[in-house]
Every structure is written in structure tokens, then in C-alpha cells.
1. When a/c is below 1.5 the answer is rounded, else prolate if a/b is larger than b/c, else oblate, so apply that to the range 293-431 with a ≥ b ≥ c taken from the square roots of the Cα gyration tensor eigenvalues.
2. On full extension of the chain, what length is gained from LYS418 through SER134, given 0.36 nm per residue of separation minus the C-alpha to C-alpha distance?
3. Would you mind putting 301-308, 81-88 in packing order, based on average other-beta-carbon counts within 10 Å, highest first?
4. If each residue of separation counts as 0.36 nm, what is the full-extension length gain between LYS399 and SER66 once their alpha-carbon separation is subtracted?
5. Under a point-charge model restricted to the Cβ atoms of Lys and Arg (+1) and Asp and Glu (-1), what is the dipole moment magnitude of the chain relative to its Cα centre, in debye to the nearest 20?
6. Assuming a ≥ b ≥ c are the square roots of the Cα gyration tensor eigenvalues, decide whether the range 177-315 counts as rounded (a/c under 1.5), prolate (otherwise, with a/b larger than b/c) or oblate.
7. Of all accessible surface on the chain at a 1.4 Å probe, what whole percent is carbon and sulfur?
8. Return the unpartnered cysteines for the chain, using a Cβ-Cβ cut-off of under 4.7 Å.
Amino acid sequence: MIEKNISKYNKLFSEYTELRVQENRNCSISVVNGDIMGNNKSSESGVSARVYKKGVWGFSSNPTISDETVKDVIQAATENALYLNDRERKNKEPLPKTIGTAEKDFMTDKQRKTQKEMIDFLKEVDDHIGKTYSDLTARTTMYRCLEMEKALLTSEGSHSYSMIPRSIIYIVMSLVKDGQPFELYEVHGGFGQFEDIFDKPDDIFEKLQIQYDHLKKKSEGVYAKAGVADCIFAPDLAGILSHEAIGHTVEADIVLGGSVAADYLNKQVANPNLTMVDFANTALGQMCPIPVFVDDEGTKAEDAVLIENGILKTFMHNKESAQHFGVKPNGNARAYTYSDEPIIRMRNTAIVPGKDKLQDMIASIDDGYYLMQASNGQADSTSEFMFGIVKGYEIKNGKLGRALKDTTISGVAFDMLKTISMISDDMVWSCGGMCGKKQLIPVGMGGPAVKCKVNIGGK
């Protein structure tokens, strides 16, 4: 645990300064075919300071947290900024002043479980899978927990403390059918600590049956027919598309680096019924998977309405990009570890639910596909994307048909957004998102199901 209030150090600031004390605690357990293959618990902590001077930054960090090292990193970051300013002489204006304050401690109030108790939990889940689904050729049960604890103080008066936990269990099932391997994964859990999310192993058993049924159907399924098709993206897939193919293109640092979105601001980029938001901490009255209240520059985190009624309205900003574009920063500057400088990151990016029912969306398609889960994918600053699809079904005459074997989808996201014709009225968050832009960071992805046209791969 770190000290929540670090305001005693503000007397050490002589320039614009951000001081951050942080500890990341990780826990991972892996059980493969009944054997414990991984059992790790680690933490990484330290202090960092970042100083701004007329267009240049100085940064310093130290893995030891003490009064002395706090003083040292502030002094080193200040000297770095002054040195660079003396050499580069950019003479830029001061950054926009923002003051954010918050104290959010989401530590469980329940009795903490020991590592052995969590291992026993996973082994019971694994044993159930092994005994119930004897035709599986392999099974993996993994637990991953990340607790990010931060205290922030800025020379402008921002001060915040947060302890944001996320706990996830991944289940992977594999089988072989006619000599061909098939695999499906599911993710359980999300925001909170183990004790808040996982009560009894039995609570997962029903979901395991659903996962197994999908896998069996997939092994007996068909390949999609290659070409452009009417498709429905389930929330999990719509969320990944929102993050990877749209979200990254409207991060202001990517925009300044040449993103295609630079030319689309205030232009129609999607169906007029579509609105997409990077939520700060709360969406539709519910806590988001990764709530951010004050970002790592001390800015109060607010929702960024990226696309409103089909029109691209804004980019995501830190203080420096907000100054460049002449807008207000919205709290998207985030850092993963104490030794990382904050960069522009998404928080919880999703399309806002519409008014359609999923069954009506399926009924509206004579020949198409219901695509439910992606394996992974890539997108670039042109918004071109390609994702693997590991779970999906045919749609024939308005009804779900045979399951699909693995396939892919590809296209240009801003073109695809204009083909969206129906949006479901529900909201589902994915619970395991982790973005890898320069430095890892947990993110929330999700939304409703959407009907669109997309290029789908064949065999």
C-alpha cells in the first residue's frame, strides 16, 4: 500500500510538475490439464516526476519510495526540463490549467483469500471441466489480477488517490474433430478483486456448458463464404472494433502522426444513428470496467464524445494536444507503471446503444453471419483493420444457422461505420481488454450489437 496523501511534497515544486507514487500488484495462476503450470505474485512500485518548461518535458523515476527519492526525482526532472529548454528554446505557452481531485479506493472489504485458496478454486473449475467434458483434448484455466494504486500531486493543485483492481479468469477449451483442432476461450470477471467477483466455482459451471456447446458446434461447423456480407457484430466484437479501428485513429497523438481521422473532424463518418463515446468512469448509470476519475496529468476525467449522430466531434487529448487543437483536455493521459510517462490512452470506448432488438436484427438478414468473438486483430492509422473471428454463426432466412469455423474480417473502419443500419438496445462490456500502445494499460471495451456490411474471409 502506498501513502494516499502526498501533498507534503508540493513545496518542492518550482516549475509545472506532476508527482506520481504508484504500485502495480499482479497475481497469476495457471492450471493446464489439471497441473499447476504457473503461480506468481509480484508488485512493482516507485515514484516519478515530470516537469514541463515552455514546450519540453523532463522526467525522472526511482523504484524506492522515500522522502529522499521524491526530492531527488523532482530535482532531476526539473533539471532535465530546464536543460532541454535551454537547448531547444521552443518558448511555448504554459499548458492548460486543470485541477482534478478524487479519492477512489476499491479495495474489497471482504476477507482476502490466500494464494492457496485461489489455486484450489481454479483446480475445482479445472476438475469439473475434465470430468464433465471428457472429449476435450486440452483445457486451460488462468487467473489474472491487476491492482493499480496511484497517488498524484501536481503543482497546479490536483491531488488524487486511486486503487483500481481487475480480476479475470480465462477458460480455454480445445478438441480435435476429424484431425482438425478447434479452440474457444471465455473470459469471466472484470472490475474488482477476486473476493468481490468469484464466490463459488459452481457459479461458473453453467457458463462452461455454454462454452463447450459453442465449441462442439464450431467443430461441426462450416466455413464462411468469402466476400462482403450482411453481418451482426456481437458486443464483444463491436467493442474491439471501436477500440482498435476507430479509437486509436482519434487519439490526438496518432492524429498528429498522420491518422486519416485528421481530415474527418466535424464530418459525417458513420450512420446518423451512431454515437461513440470514450467513457471516463460511468456509462448509462453503471461503473465502467476501468473507471478513471483523474488522469495522470491531474485533469478531471470526463467523457469524450468521439462520434455524435454519425459526425466525428473530437479527438482524445492530453494537456499538450488539447493546447495544440485549442480544446479542453478530457483526462485521457494515462501511464501503466510508475516509470512510464503518461500518454494519450482510451479508457472505456463503446458505441452507445440504439433502439433495435437483437432478434429483430437477426430476422432482418436473409443470408449473412452473426459474429460473436474475435481472437485478435490489427488496425492502423488509416482505419484499415483485420480481425480473426473464432466464434460465429450463419444467418439464414432470418434465423441462426450452423456454427462457423475460424475466419477473418477486414475492411476500412470509417467506411464500415457508414453501413451500420441497426444498433441493439443493450450494453455489454468486455472484461479483459488490455491495450498495448507503447506501454500496456487495461481498457474497457464493449457496447451493443451492430448490423453492418463487412468483408469476411472464407476457408
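1. Because a/c hits 1.5 or more and a/b exceeds b/c, the range 293-431 counts as prolate.
2. 97.6 nm
3. 301-308, 81-88
4. Full-extension gain reported as 113.5 nm.
5. Its charge dipole is roughly 560 debye.
6. Here the range 177-315 falls in the oblate category.
7. 48
8. That list is CYS231, CYS288, CYS431, CYS435, CYS452.
The values are calculated or read from the model by the stated rules, or taken from the named source; none is laboratory data. Bear in mind the structure is a predicted one, so any value in this text is a computation, not a measurement. Note that we place each Cβ from the backbone using ideal geometry, even for glycine, and neighbour counts take in every protein chain shown. Protein only, heavy atoms only, side chains kept; ligands, DNA and RNA dropped before computing areas. Shrake-Rupley method; radii C 1.70, N 1.55, O 1.52, S 1.80 Å.
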